[in-house]
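Engineer: Take a look at the following structure, please.
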Amino acid sequence: FPTPPETPEQDVETVQKYLENYYNLKTDGDQIAKQKNKSPVVEKLKQMQEFFGLKVTGKPDADTLKVMKQPRCGVPDVAR
Amino acid sequence: FVLTPGQPQWENTSLTYRIENYTPDLPRAVVDRAMEKAFQLWSNASPLRFTKLSEGQADIMISFVWGDHRDNSPFDGPGGNLAHAFQPGPNLGGDVHFDEDERWTNDFRDYNLYRVAAHELGHSLGLGHSTDIGALMYPNYIFSGDVQLSQDDINGIQAIYGSSPNSEQPVGPQTPQPCDSKLTFDAITTIRGEIMFLKDRFYMRVNSYYPEVELNFISVFWPHLPNGLQAAYEAASRDEIRFFKGNKYWAVQGQNVLRGYPKDISTSFGFPQTVKNIDAAVSEEETGKTYFFVADKYWRYDEYKRSMDVGYPKMIAYDFPGIGNKVDAVFMKDGFFYFFHGTRQYKFDPKTKRVLAILKVNSWFNC
């Protein structure tokens, strides 16, 4: 069987939007320091996973996506 | 708990609020009552007092809006963001906005207005999102039937405004910590190959594929079950889990509570009326025998004959030597009973009637 992609396009968008909304992920390319293995998305994902008591992988695994898709308060989890 | 960065707070403990407009989803009186109750939760735990205004500018302005409503956080249609609130301060400060694209309810259906209002007001008063899943200030919507401040919420609001002037200080429920050596359980059951541990409003769940313990509200699976269940067991031949509280029990299959429940334990199982509640229960899949533990005695029920076996109740201490004379919770795995009493766990071999090991209460949680 063909393996489905690890993170379908829709999920990438979910992660991006979630981190922008609640974890102050900045999408302005100039502000993001491009360091190998330390992308802001990974760092913010780890922050989010730690907050929710998930396994801290820095990857948008199934459990992380499940939490991200739950309805919630619109106030960011970190300071804006 | 988490305080809003910069620790903004109201200087005055007497605050006003106004409901600017009403959702068409609920009668106005229901919205008024939901807000009143939500404010009451926070005033009961702090020196804060709230007065409702019917016109003019209030400290906390409450409104139902949708989409881009001209603040920095547009709403996103049904689901997703349900509401938001602003930290203490002038103008927009303290204000609460509910997404009118949601369906607002005053029951267990999505989304309970009182529950969401209680959370948002926490922000209006200076609290951020808590990492405690049992706290009102946890960011995700969870409705377990009752809305109350947890001890974490109380600690948070009192860290900002001090304790309540009432002589009796409020005490909130604590969220169980799976790796706390002082943890005790209300009930434990197997469920389709997994083990589910129940405590107050919460379940803790482990299985071999996912080694991390999952902690969440019982209502996530079964919104119609009460909190504080006292016993549970799996009747595997019928693919049913039975939950007990007082003299009532509920049967569930998967996530569905079966119709016709709760039922009375006397009528269904044949307990005398003097038995008011069950401490613990476990069923042997091989024999179809179910053991009910009540105080220092136990009863045996035949799942096939659907009747209580004769000669019961018997003394726990006599037939299960070494486990004491009271059981909080029990389950069966790989032919062994695991009895729990207080912070102790006993692995018991029913064939030899011997305790094989005394274990820590949370030995199943990979702590």
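The values are calculated or read from the model by the stated rules, or taken from the named source; none is laboratory data. Quick caveat, the model's predicted, so the values are computed rather than measured. All Cβ positions, even for glycine, are placed from backbone atoms using ideal geometry, and neighbour counts span all protein chains on display.
Engineer: Considering only residues of region A:35-77 that are part of a loop (DSSP other than H, G, I, E, B), closer than 27 Å to B:L121 by Cα and charged (D, E, K, R), which is nearest to the other protein chains (Cβ to nearest Cβ)?
Structural biologist: In this case the residue turns out to be A:D77.
Engineer: Also, quick follow-up: Of the residues in region B:129-170, how many are more than 11 Å from chain A (Cβ to nearest Cβ), on the phi < 0 side of the Ramachandran plot, of a type outside the set (A, V, I, L, M, F, W, C) and not in a helix (DSSP H, G or I)? Don't jump to the end; show me each part of the working.
Structural biologist: The initial filter retains those residues of region B:129-170 that are more than 11 Å from chain A (Cβ to nearest Cβ), namely B:134-135, B:144-170.
With the extra rule that they be on the phi < 0 side of the Ramachandran plot, the set shrinks to B:134-135, B:144, B:146-161, B:163-170.
Subsequent filtering for residues that are of a type outside the set (A, V, I, L, M, F, W, C) retains B:134, B:144, B:146, B:148, B:150-153, B:155-156, B:158, B:161, B:163-170.
Checking which are not in a helix (DSSP H, G or I) leaves us with B:134, B:144, B:146, B:148, B:150, B:163-170.
Going through region B:129-170 one residue at a time, the tally reaches 13.
Engineer: While we're looking at this one, here's another question. What tally of residues in region B:321-338 results from selecting those that are in contact (Cβ under 8 Å) with a residue 40 or more places away in the chain and either touching a Lys or Arg at 6+ places or on another chain (Cβ under 7 Å) or not in a loop (DSSP other than H, G, I, E, B) (or both)?
Structural biologist: Qualifying residue count for the region: 7.
Engineer: Same structure, new question: Write out, first by first residue and then by second, each pair whose Cβ atoms fall under 6 Å of each other, whose residues are 6+ apart or on separate chains, and whose first residue, in region B:260-282, is within 22 Å of B:V327 (Cα to Cα) while the second is small (G, A, S).
Structural biologist: Cβ pairs passing all conditions: B:Q273/B:S266; B:N277/B:G246; B:I278/B:A231; B:A280/B:A231; B:A280/B:A329; B:A281/B:A231.
Engineer: Restricted to region B:103-118, and to residues that are touching a strand residue (DSSP E or B) at 6+ places or on another chain (Cβ under 8 Å) and not β-branched (V, I, T), which residue is farthest from the other protein chains (Cβ to nearest Cβ)?
Structural biologist: B:N106
Engineer: Taking into account only those residues within region B:196-231 that are among the aliphatic types (A, V, I, L, M) and more than 13 Å from B:W250 (Cβ to Cβ), which is nearest to the other protein chains (Cβ to nearest Cβ)?
Structural biologist: My answer is B:L215.
Engineer: Quick test of your reading of the structure: B:S219 fulfils all but one of (1) hydroxyl-bearing (S, T, Y); (2) at pLDDT below 95; (3) over 15 Å from the mean Cα position of the chain (by Cα). Name the failing condition by number.
Structural biologist: Exception for B:S219: condition (3).
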